[in-house]
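Engineer: Would you mind keeping the following structure in view while I ask a few things?
The values are calculated or read from the model by the stated rules, or taken from the named source; none is laboratory data. Remember, predicted model here, so these are calculated numbers, not experimental data. When we count neighbours, we look across all protein chains shown, and the Cβ atoms used for this are built from the backbone with ideal geometry, even at glycine. When the accessible area is computed, the model is the full protein with side chains, heavy atoms only, and any ligands, DNA or RNA have been set aside. Shrake-Rupley method; radii C 1.70, N 1.55, O 1.52, S 1.80 Å.
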Amino acid sequence: MKLNKAFDKSLWVFHVNAASCNGCDIEIVAALTPRYDVERFGIKLVGTPRHADVLLVTGPVNRQMADRVRRIYEQTPGPKAVLLCGNCGATSGVYYDSYCIEGPFDEFIKKVDPNAIIVYVPGCPVRPEAITMGVVEAWKQLEVLRGEAK
Amino acid sequence: MAHAPPYPLMIGPIHPALKEPTMFKFTMEGERVLDVDIQPGFNHRGVEYLGMKRNPLQVLHLAERVCGICSGAHQYVFCRAVEHAANITPSVRGDYLRVLVAELERIHSHLLWAGVAGHELGFDSILHYTWKVREDVQDILEIICGNRVNYSYYIFGGVRRDVTPEQVEKARKIFAKYRKLEDTILDIFLTDPTISHRVQDVGVLTKENALKLSACGPLTRGAGVKKDVRFSWPYGSYGDMMDDFKVVTPESLGYKATGDIFSQVVVRLVELFEAIRMCEWVLDNLPSGPITSEPNLSALLMAKLRMAEGEGVARVEAPRGEDIHYVRLKKNKMELDSWKIRVPTYGNIMSWLTMFKDAQIADIPIIIASIDPCIGCMDRVTLVDSGTGRERDVDWAVLHDLSVKRSRGLMP
């Protein structure tokens, strides 16, 4: 990864569980803990979306969570990226034909913000290595955005 | 202050102390919890409904996605329920291998819990230490099943893959490593003053309440109730293991079963190392033979499952407690006719009501984490009036009324 002029801070991530089955969520924690240890790159899980650069979203969006997820997305300050962990975010996964699913997260969030930056990390569940790679991808995209803003 | 106590305090559905969306409405007086109301339903995905649109082989993969942490347990119990309904007897070697993976899952789940509990206490070194240790069991699971989290190991009649001698050798090395760590891990959790001060006499669930509220799993065993499906209703190879293993309670390690969070820590840690010994026992006593009694999947699906008629119920001791699946199959129908899941957390959340009484605000995260909640498993259905969009509660009187009406309707 080439660090450009805009690279000035480490990425902080906020984890949003939009009705996930926990499979991806435990792999996210695995990615943060010593075997994979993304914290060594300054990537940190934070407690509020207002401190975050990247939203880690797991699971399909169900009706109960839809409004909450939208509000969390709006509370995150820009420039921001969304990292969709797992197949559910892209296709709703095995729950695609359920009555309570609002739709895959990417379609849902495009309605809120058509220019949303979305990084897909497929897998059911995602592997910690794939999450690390996805964060790097989000990093690159955010660097470009920040470079344009300066 | 403008308002007099008690004060409401809302936690959730998205909150740093919660790993999954659920909501708590606390009534507080100062720092003290007076009452709590739990509002689940944020993680509802309609799994049971989806099961009724798919055939049993497809539902196998849906069953393990009820919950990512106890995915093996859900697949295991679903297999057993369908086997019960369709009269399939699993092969002996398959039964033993099923128990091997179920116990490996218990190791990973209890280590996960220990880490999360440490994190909720503000002791992040423990989170990182236990999750580092946990990666080794994830390695065994990956070697044996091919995936770290959703194993897809179980199938009607047995298991999908056999273990090879090389895999067994690798697994044994890791078990030996764990047994070396046993003293260290017990020492960290049971003698460290930081942990004992925070968990002793906190979140007490008495034996009476545990029985009254039908709690299950390590939570009740911490309160001194010897309730464990593996021993009271043996399945798989557990029947053959009864002589070597006993139900784990805090008394196994010489502690009193007080029902506080410390007792649960003791139970989960002892069970963790018991599970390692169980895995070794299974590898030592693994019988030869086929891994599944139904090697031909299309014959199984088209002949046996499609023609089966009847109901099946099965119970399995998941890492969090008793997991029950009910399945009904109809003749000439590919899809499940009915599917009901009763997960351990569903039995356990009511215990929160008594555990939170008189607790401090600072103890809320550890009490929430202590029962090892799995909301992803639990959120089955909320009754919503489609006309008004209003949710309604169904209490005992309403249910009784409905039942009486239904009986009257059946009578001529």
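Engineer: What is the residue count in the range B:24-33 for residues that are surrounded by fewer than 19 Cβ atoms within 10 Å (Cβ to Cβ) and either touching a residue at least 60 places away in the same chain (Cβ under 8 Å) or of a type in the set (Asp, Glu) (or both)? Give the steps one after another, and end with the answer.
Structural biologist: The initial filter retains those residues of the range B:24-33 that are surrounded by fewer than 19 Cβ atoms within 10 Å (Cβ to Cβ), namely B:25, B:27-32.
Okay, now just the ones that are also either touching a residue at least 60 places away in the same chain (Cβ under 8 Å) or of a type in the set (Asp, Glu) (or both), so B:28-29, B:31-32.
Residues that pass the stated criteria total 4.
Engineer: Among the numbered conditions (1) of a type outside the set (Ser, Thr, Tyr); (2) under 19 Å from B:Cys279 (Cα atoms); (3) touching a Ser or Thr at 6+ places or on another chain (Cβ under 7 Å), tell me where B:Val247 comes up short.
Structural biologist: (3)
Engineer: Considering every residue within the range A:44-53, establish whether at least one is of a type in the set (Ser, Thr, Tyr) and surrounded by 22 or more Cβ atoms within 10 Å (Cβ to Cβ).
Structural biologist: There is no residue in the range A:44-53 that is of a type in the set (Ser, Thr, Tyr) and surrounded by 22 or more Cβ atoms within 10 Å (Cβ to Cβ).
Engineer: Taking the range A:8-28, which residues are among the aliphatic types (A, V, I, L, M), in contact with a strand residue (DSSP E or B) (Cβ under 9 Å, 6 or more places away or on another chain) and facing chain B (nearest Cβ under 7 Å)?
Structural biologist: A:Val16, A:Ala19, listed by residue number.
Engineer: Another question about this same structure. For the range B:296-328, give me the residue count where each residue is in a loop (DSSP other than H, G, I, E, B) and open to solvent by 40 Å² or more (accessible area, probe 1.4 Å).
Structural biologist: Total meeting the criteria: 2.
Engineer: Which one is farthest from the other protein chains (Cβ to nearest Cβ), of the residues in the range A:88-104 that are of a type in the set (A, V, I, L, M) and in a helix (DSSP H, G or I)?
Structural biologist: My answer is A:Ala90.
Engineer: Taking the options B:Pro16, B:Pro6, name whichever one is surrounded by fewer than 18 Cβ atoms within 10 Å (Cβ to Cβ), facing chain A (nearest Cβ under 10 Å) and on the phi < 0 side of the Ramachandran plot. Spell out the reasoning first.
Structural biologist: Details: B:Pro6 fails: facing chain A (nearest Cβ under 10 Å).
Being surrounded by fewer than 18 Cβ atoms within 10 Å (Cβ to Cβ), facing chain A (nearest Cβ under 10 Å) and on the phi < 0 side of the Ramachandran plot holds for just one of B:Pro16, B:Pro6, which is B:Pro16.
Engineer: Still on this model: Please enumerate the residues belonging to the range A:54-87 that are within 9 Å of another protein chain (Cβ to nearest Cβ) and either assigned to a loop (DSSP other than H, G, I, E, B) or within 17 Å of B:Arg54 (Cβ to Cβ) (or both).
Structural biologist: A:Gly59, A:Pro60
Engineer: Please work out which one of (1) open to solvent by 10 Å² or more (accessible area, probe 1.4 Å); (2) modelled with pLDDT under 90 is the condition B:Asn348 fails and give its number.
Structural biologist: The number of the failed condition is (1).
Engineer: Still on this structure, please answer the following. Only one residue in B:Val204, B:Val270, B:Val248 is without any contact (Cβ under 8 Å) to a residue 24 or more places away in the chain, closer than 27 Å to B:Ile185 by Cα, among the β-branched types (Val, Ile, Thr) and surrounded by 14 or more Cβ atoms within 10 Å (Cβ to Cβ). Which one?
Structural biologist: The match here is B:Val270.
Engineer: Which one of these is out of contact with any Pro (no Cβ under 9 Å at 6 or more places or on another chain) and not acidic (Asp, Glu): A:Val46, A:Val57, A:Val61, A:Val16?
Structural biologist: A:Val57
Engineer: Going by the conditions given, is B:Asp228 buried (at least 17 other Cβ atoms within 10 Å of the Cβ), among the acidic types (Asp, Glu) and touching a strand residue (DSSP E or B) at 6+ places or on another chain (Cβ under 8 Å)?
Structural biologist: Answer is yes for this residue.
Engineer: Can I ask one more? Among (1) within 19 Å of B:Gly347 (Cα to Cα); (2) touching a residue at least 40 places away in the same chain (Cβ under 8 Å), which single condition is B:Ile88 missing?
Structural biologist: Status for B:Ile88: all satisfied but (1).
Engineer: Could you check B:Ala114 against (1) open to solvent by 10 Å² or more (accessible area, probe 1.4 Å); (2) under 26 Å from B:Glu20 (Cα atoms) and say which number it fails?
Structural biologist: (1)
Engineer: Sort out which residues of the range A:102-134 are of a type in the set (A, V, I, L, M, F, W, C) and open to solvent by less than 20 Å² (accessible area, probe 1.4 Å), and write them in order of number.
Structural biologist: Of the residues in the range A:102-134, the ones of a type in the set (A, V, I, L, M, F, W, C) are A:105, A:108-109, A:112, A:116-119, A:121, A:124, A:126, A:130-131, A:133.
Once the filter is applied, which keeps residues that are of a type in the set (A, V, I, L, M, F, W, C) and open to solvent by less than 20 Å² (accessible area, probe 1.4 Å), the range A:102-134 yields A:Phe105, A:Ile109, A:Ala116, A:Val119, A:Val121, A:Val126, A:Ile131.
Engineer: Right, next: Enumerate the pairs (first residue in the range A:105-128 and within 14 Å of chain B (Cβ to nearest Cβ); second residue anywhere and of a type in the set (D, E, K, R)) with beta-carbon separation below 7 Å, excluding pairs fewer than 6 apart on the same chain, so at least 6 apart or on different chains.
Structural biologist: Note: pairs meeting the criteria are A:Pro125/A:Glu27; A:Val126/A:Glu27; A:Arg127/A:Glu27; A:Arg127/B:Arg148; A:Pro128/A:Glu27.
Engineer: Would you check if B:Ser125 is at pLDDT 90 or above, of a type in the set (Gly, Ala, Ser), crowded, with 21+ Cβ neighbours inside 10 Å and assigned to a helix (DSSP H, G or I)? If you could, list the steps in order and put the result at the bottom.
Structural biologist: Working: at pLDDT 90 or above: yes; of a type in the set (Gly, Ala, Ser): yes; crowded, with 21+ Cβ neighbours inside 10 Å: no; assigned to a helix (DSSP H, G or I): yes.
The answer is no for B:Ser125.
Engineer: I've got another one for you. So which of A:Glu39, A:Glu74 is charged (D, E, K, R), free of Cβ contacts under 8 Å to residues at least 40 places away in the same chain and either on the phi > 0 side of the Ramachandran plot or touching a strand residue (DSSP E or B) at 6+ places or on another chain (Cβ under 9 Å) (or both)?
Structural biologist: A:Glu39
Engineer: Then there's this: Name the residues in the range B:141-170 that are within 14 Å of chain A (Cβ to nearest Cβ) and either open to solvent by less than 40 Å² (accessible area, probe 1.4 Å) or in contact with a helix residue (DSSP H, G or I) (Cβ under 8 Å, 6 or more places away or on another chain) (or both), would you? Walk me through how you get there before you give the answer.
Structural biologist: Step one: filter the range B:141-170 for residues within 14 Å of chain A (Cβ to nearest Cβ), giving B:141-142, B:145-152.
Those that are within 14 Å of chain A (Cβ to nearest Cβ) and either open to solvent by less than 40 Å² (accessible area, probe 1.4 Å) or in contact with a helix residue (DSSP H, G or I) (Cβ under 8 Å, 6 or more places away or on another chain) (or both): B:Leu141, B:Cys145, B:Asn147, B:Arg148, B:Val149, B:Asn150, B:Tyr151, B:Ser152.
So that you can scan it fast, the table gives a plain yes or no per residue for (1) within 14 Å of chain A (Cβ to nearest Cβ); (2) crowded, with 19+ Cβ neighbours inside 10 Å; (3) closer than 15 Å to B:Met378 by Cα:
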position: B:Met10; (1), (2), (3): yes, no, no
position: B:Thr22; (1), (2), (3): yes, yes, yes
position: B:Ile38; (1), (2), (3): no, no, yes
position: B:Ala63; (1), (2), (3): yes, yes, yes
position: B:Gln75; (1), (2), (3): yes, yes, no
position: B:Cys79; (1), (2), (3): no, yes, no
position: B:Val82; (1), (2), (3): no, yes, no
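Engineer: Inspect all residues belonging to the range A:17-29 and state whether any of them is surrounded by fewer than 22 Cβ atoms within 10 Å (Cβ to Cβ) and more than 13 Å from the chain's Cα centre (by Cα).
Structural biologist: yes
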